[in-house]
1. Looking at segment 180-220, which of the residues that are without any contact (Cβ under 8 Å) to a residue 40 or more places away in the chain and of a type in the set (Gly, Ala, Ser) is nearest to Leu168 (Cα to Cα)?
2. Exactly one of (1) open to solvent by less than 10 Å² (accessible area, probe 1.4 Å); (2) within 21 Å of Leu330 (Cα to Cα); (3) touching a strand residue (DSSP E or B) at 6+ places or on another chain (Cβ under 9 Å); (4) not charged (D, E, K, R) is unmet by Gly283. Its number?
3. What residue, of Val196, Val217, is modelled with pLDDT under 95 and out of contact with any Cys (no Cβ under 9 Å at 6 or more places or on another chain)?
4. Taking Glu256 and the conditions (1) free of Cβ contacts under 8 Å to residues at least 40 places away in the same chain; (2) in contact with a Lys or Arg (Cβ under 9 Å, 6 or more places away or on another chain), which numbered condition does it fall short on, given that it satisfies the others?
5. Might you check whether a residue that is under 15 Å from Tyr344 (Cα atoms) and open to solvent by less than 10 Å² (accessible area, probe 1.4 Å) occurs anywhere in segment 137-159?
6. State whether the residues of segment 55-64 include one that is exposed (fewer than 15 other Cβ atoms within 10 Å of the Cβ), modelled with pLDDT of 70 or more and farther than 30 Å from Asp141 by Cα.
7. Do you know which residues across segment 170-194 are surrounded by fewer than 19 Cβ atoms within 10 Å (Cβ to Cβ) and among the small types (Gly, Ala, Ser)?
Amino acid sequence: MGSRALFVGAALTAAVLLLLTGCAPARYDGPVSDHFDGREFHNETPFPHKFSDLLGYVFSREKIEWPRDESVPQRPAPVERIGTGGLRLTWVNHATLLIQADNLNLLTDPIWSERASPLSFAGPKRHHPPGIPFSKLPPIDVVMISHSHYDHMDSPTLKRLHAEHNPLFVVPLGNAVLLESLGIERIVELDWWQGVSLSNGCSLSAAQVKHWSNRRVFPSDRNLSLWAGFVLETTGGPVYFGGDSGYGPHYGKTRERYGAMRAAMLPIGAYLPRWFMAYQHMGPAEAVQAHQDLAAQFSLGIHWGAFKLSVERRFQAVEDLAVEVKRSGLNERDFVAPAVGAHYDVQPLPGATGCR
């Protein structure tokens with residue numbers, strides 16, 4: 001890249017940063033807790049890097065080319081419902097999955113936009129089409145959103161889901177105001193370890209993870225809303241969606257509260273360089289450990305391949321996951337990186353007693 005291109009790129013980035021800056025008002029008004037100080041949310045251990053480290057990473061990271069891939073296989077449209085006892089997981093892209101269980105259809109962190117960004121002309125651009133065209137979605141009953149980053153909370157997609165499906169949106173504390181600004185009204189906010197009863201009598205609970213949040217780049221907006229994973233109760237055992245997280249003891253805590261997982265969806269991508277990413281994003285080795293901490297019967301590796309957010313090669317997470325699964329002694333069918341648009345039917349846990 002020539003000096004002029006570098007200058008133009010830096011200038012554009014600076015303009016975007018200025019556009020997104022500003023002091024944001026508090027988003028949540030609630031009691032102080034072990035992870036909320038009255039204005040901002042936090043993890044058990046503080047984030048080890050400063051804002052200057054983020055800027056240094058953005059401007060100095062290695063250039064890795066990800067070719068655009070239009071070759072997503074043509075697959076049949078998802079079935080309208082999966083009956084009581086069944087569980088089908090379909091990977092759309094990134095952290096977006098269609099979960100069909102016990103006559104309910106749920107979406108996680110839905111994004112169908114071309115960019116994971118507040119801007120249509122800048123920001124991470126997708127490298128393959130969604131595995132399910134939006135028009136082919138079955139009726140969506142529930143949308144769960146793990147946190148406010150743009151690759152997980154995509155405003156155009158959320159507005160379209162609200163207009164065409166009118167689902168219940170389940171979010172961590174402090175995120176309701178962001179959805180209300182989009183005209184969305186059916187929202188439930190949850191703290192870690194809180195749950196909501198769904199229309200089929202099963203529950204959906206928010207679980208602790210290690211991450212952070214913002215909708216603008218500058219520190220004044222950081223951590224004003226909570227981040228979470230989710231545990232979906234099914235008649236065949238609990239199902240875990242990890243959202244976005246660094247590794248930590250929270251996976252063991254989740255198993256202690258909810259039991260062994262029928263299935264887990266765990267992030268494996270955007271993990272290099274480790275000095276910067278380890279706190280906020282697991283790599284494949286840590287995801288395998290999380291799978292074991294959760295005592296998961298089956299896991300899908302998500303959060304890779306669609307949007308280039310770090311410096312690994314596009315399929316490096318998949319390659320590294322295969323190595324780590326073999327190294328750990330797991331069967332290669334126990335933890336897989338899904339094919340785009342493919343679905344996976346998961347059997348009930350032995351001895352599962354249904355929803356409480």
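1. Among those residues, the one meeting the criterion is Ser197.
2. (3)
3. Working: Val196 fails: modelled with pLDDT under 95.
Unique residue meeting the criteria: Val217.
4. (2)
5. Looking only at segment 137-159, we keep the residues that are under 15 Å from Tyr344 (Cα atoms), and these are none.
Within segment 137-159 (the criterion being under 15 Å from Tyr344 (Cα atoms) and open to solvent by less than 10 Å² (accessible area, probe 1.4 Å)), the answer is no, since none of the residues qualifies.
6. As a first pass, look at segment 55-64 and keep what is exposed (fewer than 15 other Cβ atoms within 10 Å of the Cβ): 55-56, 58-64.
Filter once more, so that each one left must be modelled with pLDDT of 70 or more: 63-64.
Checking the rest, the ones that are also farther than 30 Å from Asp141 by Cα come to 63-64.
Yes; the residues of segment 55-64 include at least one that is exposed (fewer than 15 other Cβ atoms within 10 Å of the Cβ), modelled with pLDDT of 70 or more and farther than 30 Å from Asp141 by Cα.
7. Once the filter is applied, which keeps residues that are surrounded by fewer than 19 Cβ atoms within 10 Å (Cβ to Cβ) and among the small types (Gly, Ala, Ser), segment 170-194 yields Ser181, Gly183.
Every residue, every condition in (1) open to solvent by 10 Å² or more (accessible area, probe 1.4 Å); (2) at pLDDT below 95; (3) among the polar types (S, T, N, Q), yes or no:
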{"residue": "Gln74", "(1), (2), (3)": "yes, yes, yes"}
{"residue": "Asn105", "(1), (2), (3)": "no, no, yes"}
{"residue": "Ser113", "(1), (2), (3)": "yes, no, yes"}
{"residue": "Ala122", "(1), (2), (3)": "yes, yes, no"}
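The values are calculated or read from the model by the stated rules, or taken from the named source; none is laboratory data. All values reported here derive from a predicted model rather than from experimental measurement. Note that each Cβ is placed from the backbone with ideal geometry, even for glycine, and that neighbours are counted across all protein chains shown. What goes into the accessible areas is simple: the full protein's heavy atoms, side chains included, and nothing from ligands, DNA or RNA. Shrake-Rupley method; radii C 1.70, N 1.55, O 1.52, S 1.80 Å.
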